[in-house]
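*Asks:* Structure in structure tokens, see below.
The values are calculated or read from the model by the stated rules, or taken from the named source; none is laboratory data. Note that the structure is predicted; figures quoted are calculated from it, not measured. No Cβ is skipped: glycine too gets one built from the backbone with ideal geometry, and neighbour counts run over all protein chains shown.
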Amino acid sequence: MKIVIIGGTGHIGTYLVPRLVERGHEVVCVARGARDPYTASGAWRSVGRVSIDRAKEEKAGSFGGKIAAMRPDAVIDLICFTLASAAHIVEALRGKVQHFLSCGTIWVHGHSTVVPTTEEEPRKPFGDYGIWKADIERFLLGEARLRGFPATILHPGHIVGPGWVPLNPAGNFNPKVFETIASGGELTLPNLGLETVHHVHADDVAQAFCRALERRSAAVGESFHVVSPAALTLRGYAERVSQWFAVEPRLSFLPWDQWKATVSAEDAAATWDHIAHSPCCSIDKARRMLGYEPRFTSLEAVRESVAALMDRSSEGTGASATRR
Ligand SMILES: NC(=O)c1ccc[n+]([C@@H]2O[C@H](COP(=O)([O-])OP(=O)(O)OC[C@H]3O[C@@H](n4cnc5c(N)ncnc54)[C@H](OP(=O)(O)O)[C@@H]3O)[C@@H](O)[C@H]2O)c1
């Protein structure tokens, strides 16, 4: 197939684009051209790279037309964040593509009710990001059901991979948390440390997109969680990371209001966002309908990412590892 991937040089695209090329697809990657994939792969030599700024072209009303003019069989939209963006591209691609895959987020669920959360749970998103992603999901599923638009939505968890800082056991992105644990220092966690995070390796997200493309008839009109087999509690996560460094975990706990005063405003905001959601999602549906089988547990994915950070900092190039 000819597949246009919008936003294909980031976390997901780094793995997805080579996977698509290896399967013999003709791949066109649309991005502004401001960055390269995290990991080099020879597959990129056969990828058409088109420089388009989605925000600018949407303002001009021309983004969807430009994608349609590439005459793709399938479009993978990794960077849709508003209902208006979704409506614009669907209008341009209606009747012109066999499959349209959109990247959502497990934050469409808001806080968890019955865990592991299934795709059938009613959406209760909070925060602009989750609310807007839930709007996009509702719109795309409605388009599929009512007007035959061939949409599939994949909802990743916290995406992990070598080259960027993983969500840490304190629920934020401060790499010092890993240093504190590794050196046997005391790590203070909010509340009882029993809130959850649900990671996924970027390559497993890529796997899910490939499987959805391959099982088009099962995937169209559906949304799927794409996460590791199981979520982690913050406390359990910290304890396992201690084991990697052969140190005894030294954990302490503070109620949220006191804890947030012990970290920067940025870290507190990130932690709050993550623990307020405390995701724990089921992958039964993706396993059953798509044959999705994650290669990485959460801890395996994070361990690979932390090892890459350590390699880079020992090479003196730590800055690139923290670009996001
Ligand atoms: N990161 C997570 O933990 C996480 C978790 C759940 C869901 N998600 C979802 O995953 C998707 C993002 O995937 P990702 O993490 O792989 O993305 P990413 O690493 O942030 O990469 C973004 C990609 O989009 C391109 N891009 C950014 N702005 C653009 C613009 N205005 N016009 C054209 N291209 C643009 C970037 O290249 P240029 O900069 O060169 O344009 C790059 O290729 C989103 O839908 C997000 O909601 C992410």
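*Asks:* Report every pair of residues separated by at least 6 positions or lying on different chains whose Cβ atoms are under 8 Å apart, first residue within region 66-82 and in the same structural domain as Arg216 (by TED's automatic domain parsing) and touching a residue at least 40 places away in the same chain (Cβ under 8 Å), second among the basic types (Lys, Arg) and within 11 Å of the ligand (Cβ to nearest atom).
*Replies:* These pairs meet every condition: Ile79/Arg54; Phe81/Lys133.
*Asks:* Hey, among the residues in region 266-320 that are of a type in the set (D, E, K, R) and outside any helix (DSSP H, G or I), which one's farthest from Val197 (Cα to Cα)?
*Replies:* Out of the qualifying residues, it is Glu315.
*Asks:* Taking the options Glu137, Glu121, name whichever one is crowded, with 20+ Cβ neighbours inside 10 Å, touching a residue at least 12 places away in the same chain (Cβ under 8 Å), among the charged types (D, E, K, R) and under 18 Å from Lys285 (Cα atoms).
*Replies:* Result of the check over Glu137, Glu121: Glu137.
*Asks:* Please determine, by comparing only the residues of region 70-92 that are within 18 Å of the chain's Cα centre (by Cα) and β-branched (Val, Ile, Thr), which one is farthest from the ligand (Cβ to nearest atom).
*Replies:* Here the residue is Val75.
*Asks:* Restricting region 58-84 to residues that are among the β-branched types (Val, Ile, Thr) and surrounded by fewer than 19 Cβ atoms within 10 Å (Cβ to Cβ), which is farthest from Lys2 (Cα to Cα)?
*Replies:* Of everything passing the filter in region 58-84, Thr82 is farthest from Lys2 (Cα to Cα).
*Asks:* Take the conditions over 20 Å from Thr180 (Cβ atoms), surrounded by fewer than 22 Cβ atoms within 10 Å (Cβ to Cβ), over 15 Å from the mean Cα position of the chain (by Cα) and not acidic (Asp, Glu) and apply them to Ser264. Does it pass?
*Replies:* no
*Asks:* Under 6 Å between Cβ atoms, at least 6 apart or on separate chains: pull out the pairs that start in region 158-169 with a residue that is at negative phi and end on any residue that is among the charged types (D, E, K, R) and more than 11 Å from the ligand (Cβ to nearest atom).
*Replies:* Pro162/Glu304
*Asks:* Tell me whether region 37-57 contains one or more residues that are surrounded by fewer than 17 Cβ atoms within 10 Å (Cβ to Cβ), away from the ligand (no atom under 13 Å from the Cβ), closer than 25 Å to Lys96 by Cβ and without any contact (Cβ under 8 Å) to a residue 24 or more places away in the chain.
*Replies:* Yes, region 37-57 contains at least one residue that is surrounded by fewer than 17 Cβ atoms within 10 Å (Cβ to Cβ), away from the ligand (no atom under 13 Å from the Cβ), closer than 25 Å to Lys96 by Cβ and without any contact (Cβ under 8 Å) to a residue 24 or more places away in the chain.
*Asks:* Shifting gears a bit: From the list Ser102, Ser41, exactly one residue is closer than 24 Å to Asp128 by Cβ and either of a type in the set (Ser, Thr, Tyr) or in contact with a Lys or Arg (Cβ under 7 Å, 6 or more places away or on another chain) (or both). Which is it?
*Replies:* Ser102
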